[in-house]
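The structure under discussion appears below in the form of structure tokens.
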Amino acid sequence: MDAVHISDDLTEVLFSKEQVQERLVELAAQIDADYDGRDILLVGVLNGAVMVMADLSRALVSHCEMDWMAISSYGSGTQSSGVVRILKDLNTDIAGRHVLVVEDIIDTGLTLSYLITNLLSREPASLKIMTMFRKPDALANQVEVDYVGFDIPNEFVVGYGLDYDGRYRNLTSVGTLAPHVYS
Ligand code: 5GP
Ligand code: MG
Ligand code: MG
């Protein structure tokens, strides 16, 4: 068998591993300053946010806990299905807690607005949103995000937790897929 390297399936690298890590460290410093010694409850949205969660949490010096939710909004393709449902709920009671949602990417903001409404009904002390990547539609839809890693063009990207049909999450850089992958 020929050797396989997942990065061979990219047409363009938008962000290298180093660029992603550098930006995360900046965001973590900002978050530490903003929370000013308060304990943070990081809520990661599975599966995409696993990499961001692992790296952001370790870049923070604040005390934090981690919990996870799984929500479906995309099928196996690249189009939003418009369907949002909870596949796995939090284990933690977030009432009175300072919650920071950790997201991989915000596209239309559909998933996030559902999540915000849902989490606010549980009466956290505060609720903020961090996303590693944000697409132009999120800006157009005026989705409020407190911390953004990078604003990116309206293209389907993979890597750093982001998948295409379950694959490429383990790519450390972020980029667009070559046409041969889709055919
Ligand atoms: P939204 O509800 O904001 O339209 O979509 C959010 C979810 O769609 C993300 O958590 C992610 O699962 C998926 N998504 C949106 N854009 C992309 C993209 O460019 N690449 C990948 N892999 N997933 C995306
Ligand atoms: Mg996500
Ligand atoms: Mg996906």
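Straight-line reach from K88: which lysines fall under 29 Å, measuring Cα to Cα and dropping same-chain residues less than 8 apart?
Answer for K88, where 29 Å is the Cα cut-off: K128, K135, listed by chain and number.
Expressed as an acute angle from 0 to 90° and rounded to the nearest 10, what is the orientation of the C-alpha long axis of helix 50-59 relative to the principal long axis of the chain?
In the chain, helix 50-59 runs at an angle near 50 degrees to the longest axis.
Rounded to the nearest 0.05, what FRET efficiency do S113 and H5 give with R0 = 41 Å and r taken as the Cβ-Cβ distance? Could you check?
The computed FRET efficiency comes out at 0.60.
Angle, helix 110-120 long axis vs. longest principal axis of the chain, Cα atoms, 0 to 90°, nearest 10?
Tilt of helix 110-120: around 20 degrees.
Consider a paramagnetic label point 7 Å from the Cα of I86 along Cα→Cβ; state which residues of the range 32-70 have an amide N under 12 Å from it.
Of the residues in the range 32-70, 68-70 have backbone N under 12 Å from the label point off I86.
Let me know the shape class of the range 18-153, please: from the alpha-carbon gyration tensor, a ≥ b ≥ c as square roots of the eigenvalues, rounded when a/c is under 1.5, otherwise prolate if a/b is greater than b/c, or oblate.
Here the range 18-153 falls in the oblate category.
Using alpha carbon centroids, what distance separates the range 3-75 and the range 107-183, in Å?
The range 3-75 and the range 107-183 have Cα centres separated by 11 Å.
Suppose a student asked you for the relative contact order of the chain, using Cα pairs under 8 Å spaced at least 6 residues apart; what percent would you report?
25
Looking at the range 100-183, which trypsin sites (Lys or Arg not before Pro) are in a loop (DSSP not H, G, I, E or B) and have at most 16 other Cβ atoms within 10 Å?
R122
What is the distance, in nm, between label points placed 7 Å from the Cα along the Cα-to-Cβ direction at S121 and at V181?
3.6
Can you work out the FRET efficiency for the pair M66 and D137, with r the C-beta to C-beta distance and R0 = 22 Å, to the nearest 0.05?
With a Förster radius of 22 Å, E is 0.20.
Laboratory data are not the source of any read-out in this text; all were calculated from the coordinates shown. Owing to the predicted nature of the structure, the values given are computational and were not obtained by experimental measurement. Ideal geometry is used to build each Cβ from the backbone, glycine not excepted, and the neighbour counts take in all protein chains shown.
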